[in-house]
Amino acid sequence: MDINNIPQTLPRFSATFDPATLAEIRRAAATGIYDIRGGGTKRKLPHFDDLLFLGASMSRYPLEGYREKCGTDVWLGTRFAKKPIHLKTPVTIAGMSFGALSGQAKEALGRGATIAGTSTTTGDGGMTPEERGQSQTLVYQYLPSRYGMNPDDLRKADAIEVVVGQGAKPGGGGMLLGQKISDRVAEMRTLPKGIDQRSACRHPDWTGPDDLEIKIEELREITDWEKPIYVKVGATRPYYDVALAVKAGADVVVLDGMQGGTAATQEVFIEHVGIPTLAAIRPAVQALQDLGMHRKVQLIVSGGIRNGADVAKALALGADAVAIGTAALVALGDNDPALEAEYRKLGSTAGAYDDWHEGKDPAGITTQDPLLAARLDPVAAGRRLANYLAVLTLEAQTIARACGKSHLHNLEPEDLVALTIEAAAMARVPLAGTGWIPGMAGGM
Amino acid sequence: MTTLDLSTATRRDLNGALHALPKDAPTADWTVLHPEGQHALAAGVNAPVTVTIKGHAGYYCAGMNQQATIIIEGNAGVGVAENMMSGTVHVKGDASQAAGATAHGGLLVIDGNASARCGISMKGVDIVVKGSIGPMSAFMAQSGRLVVLGDAGDALGDSIYETHIYVRGSVKSLGADCVAKEMRAEHLAELAELLAAAGVDARPEEFSRYGSGRTLYNFHVDNAGAY
């Protein structure tokens, strides 16, 4: 045997201690602080891609594309509000704060949503005049921190969203690090400039659904019962959370799965707390159905909505509308490959950049740096968002027509099958080619 | 003087009428009879009017008040004067939890005691409590002044930002990053002004001042245990 010519084993990475894990251990050891980033979970999860529609054939009639009407509008807040919201498309813009986003980005979201005939939403830190001015329909978030909370703005809003949690961090509070606390952000939040701003995870003046019922009454009284009141929850125990939100008096429940994004949260929180959007919808709808409130209390689903198929699938599973955040930012220009050289300088790459908390976003979206923020043209970015929203709506319509539905809300679970056992169990639709719904009695 | 009797009228009648008052002209005083602990009484008022509630109020009385003077001749439930922007709220009895929570401005006077979380996340309001306050008061308090003539419970001023706290009695414990501070001349003057505004006859020199140690304003690994 030639000892100089023995075959060598290849260097082999551990599946458990993979390069990303090793890098994180070294980073943690060097700094002593958890990793913080923006966005939602990056792990592979059962998702809408694991579902397929059963188009019409012999047993169902399709609708003619371009000739036969397929409605897309949605009413939100019909339970108690004197002035419910009517949107042209069931795709809304999720809550994102001025502070996390630049003023230009917030303006662009308002412009795009208004062109598309949908709503946008404030975030932690209050309402800016630009946002109100450019948003035909604006939902005002009511958060635990109450940063910038002002009754005048409450009255200016078209709806109020009481935020209990969000999918990226159910049970967690907000975080806006000092580098993004500019003079304007500091003033709006009544905080010293440059300090790390931590938002509480619990509301300061109510605890639990019984108190929330009284809080919602107060909000209704202050706004003379005009505004729809939403309650937003991160997806964890959707059956019970939705039932309790309904009991507390919500007009609309917003359910955010763990793919939903955040401006800045611990990586460990984003990746390990909460459940996927796909797993959350059916229990939420079940709660509404058990209470006789499905379609009476509207359900908005968010977390990982990317295209019209996702919209159609969410609606088929029982949602009344969806909300987009990450996808809306991408439509504005976030993570654009044209900025690759600048992402490289930040130690990232286009498509993976998530250090939104650092305020160095070369796209001018997740920043308070005036020079960077000025890079985003709110008019052009708003147009891109409007185009994207139109595509989502058209795509959802295309699928609905193929399934023979004259309105997106006529889509139903019966139109769907699943590609995997996991997705079939979560979405409670049959595994494709079978009548088997794992976990459900019977089947066909 | 307008009198509204809640044994015959509804809360909606009351709040709707108060919301319809002119925002920029004084209005004759209002008296509310038989409140019977109802919630959200005189909530969302934005007018220079004095409203006297003859009895106990439930949650969120005078919530988000602007301009008005609201007097509660009884006890107040959770969140009295929450998120008040301006005006004055005077509780002649005791107040429950979260009195003055997140309030941005105005003056809240409580003749009796206030329960837990008094002044939580306060953002500019002045609060004067003639009795004692419960635990976790002034949690994450951002701005404004909290004056307590009695004692303070556990974890006073936990994670406080820039609120000034003055306590005449004892403090059971201070929360994270809340520290005792020197009472300088400007603080004595500030406190004297607050006591006068609340109609309290007390000497500022009898009080101790507490505020932020500012060690948690930006994360440092050596402070991790305080988070």
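A few remarks follow.
- In sequence order, calculated HN-Hα J values of the stretch B:6-18 (Karplus, 6.51, -1.76, 1.60; Hz; x Gly/Pro): 6, 7, 10, 8, 9, 4, 5, 4, 4, 5, x, 5, 5
- Cα-Cα pairs of the protein assembly as shown separated by more than 32 Å (percent): 54 percent
- Gyration tensor verdict on the stretch A:118-203 (Cα atoms; rounded if a/c is under 1.5, prolate if a/b is larger than b/c, oblate otherwise): oblate
- With each label modelled as a point 7 angstrom along the Cα→C-beta vector, the A:ARG295-A:GLN136 pair spans 2.6 nm.
- Heavy-atom accessible area with a 1.4 Å probe sorts A:TYR388, B:TYR166, A:TYR240, largest first, into A:TYR240, A:TYR388, B:TYR166.
- Convex hull (Cα only) mean projected area of the stretch B:143-227, reported in nm² to one decimal: 5.7 nm²
- Relative to the current alpha-carbon distance between A:ALA390 and A:ALA341, full extension at 0.36 nm per residue lengthens the span by 14.5 nm.
- Chain lengthening between B:ASP222 and B:ARG184 when straightened (0.36 nm per residue, less Cα-Cα): 10.6 nm
- Under 18 Å from the B:ALA17 label point (7 Å along Cα→beta-carbon), backbone N, the stretch B:73-95: B:73
- Threshold 20 Å², the stretch A:189-210 residues less accessible with all protein chains present than alone (1.4 Å probe): A:THR190, A:LEU191, A:PRO192, A:ILE195, A:ASP196, A:ARG198, A:ALA200, A:PRO204, A:ASP205, A:THR207
- Delta accessible area of at least 20 Å² on complex formation, residues of the stretch B:3-40, 1.4 Å probe, chain isolated as reference: B:ARG11, B:ARG12, B:HIS19, B:HIS39, B:ALA40
- Label point 7 Å beyond Cα of A:GLU422 along Cβ direction - residues of the stretch A:26-46 with amide nitrogen under 19 Å: A:40-46
- Element breakdown for chain B at a 1.4 angstrom probe: carbon and sulfur atoms account for 50% of the accessible area.
- Between chain A and chain B, the total buried accessible area stands at approximately 3200 Å², from heavy atoms with a 1.4 Å probe.
- Karplus-derived 3J(HN,Hα), 6.51/-1.76/1.60, for each residue of the stretch A:393-402, Hz, glycine and proline x: 5, 4, 5, 5, 4, 4, 5, 4, 4, 4
- Over chain B, dividing the summed -39,500 (n - 2.57) contributions of all DSSP H runs of at least 4 residues by the number of residues returns a 222 nm mean residue ellipticity of -3000 deg cm²/dmol.
- Rounded if a/c under 1.5, otherwise prolate or oblate - the stretch A:1-154, Cα gyration tensor axes: oblate
- Computed over the stretch A:1-47, the P(r) curve from all C-alpha pair distances, binned at 10 Å from the origin, holds 18, 30, 25, 15, 10, 3 percent per bin.
- Checking every one of the GluC sites (Glu not before Pro) in the stretch B:124-227 against DSSP loop status and a limit of 11 other Cβ atoms within 10 Å picks out B:GLU182.
- Net lengthening on full extension, A:ASN5/A:LYS156 (0.36 nm per residue, minus Cα-Cα): 46.5 nm
- Accessible area in square angstrom per residue, the stretch B:90-180, 1.4 angstrom probe: 25 Å²
- Ligands, DNA and RNA excluded, the heavy atoms of A:GLU218 present near 0 Å² of accessible surface to a 1.4 Å solvent probe.
- Shielded residues, the stretch B:201-223 - accessible-area loss of 10 Å² or more between chain alone and all protein chains, probe 1.4 Å: B:LEU216, B:TYR217, B:ASN218, B:PHE219, B:VAL221
- Whole-percent carbon and sulfur share, accessible surface of the stretch A:48-411, 1.4 Å: 54 percent
- Per-residue mean of C-beta atoms belonging to partner chains within 10 Å, peptide B:55-61: 3
- Candidate lysines for bridging to B:LYS130, where Cα separation is under 25 Å - those fewer than 8 sequence places away on the same chain excluded: B:LYS54, B:LYS92, B:LYS172, B:LYS181
- C-alpha center-to-center spacing [the stretch B:126-165, the stretch B:10-75] in angstrom: 25 Å
- The mean accessible area for residues of the stretch A:48-411, using a 1.4 Å probe and ignoring ligands and nucleic acids, is 35 Å² per residue.
- Near B:ASP5, the amide H atoms lying under 5 Å from its own belong to B:LEU33; only residues 5 or more places off or on other chains count, and H is placed 1.01 Å from N.
- Accessible surface ranking that places the most exposed of A:THR223, A:THR114 first, with a 1.4 angstrom probe: A:THR114, A:THR223
The values are calculated or read from the model by the stated rules, or taken from the named source; none is laboratory data. Small disclaimer: the values here were computed from a predicted structure and weren't measured. Reconstructed Cβ throughout: ideal geometry from the backbone, glycine too, with neighbour counts over all protein chains shown. Remember, those area values only see protein heavy atoms, side chains included, never the ligands or the DNA or RNA. Shrake-Rupley method; radii C 1.70, N 1.55, O 1.52, S 1.80 Å.
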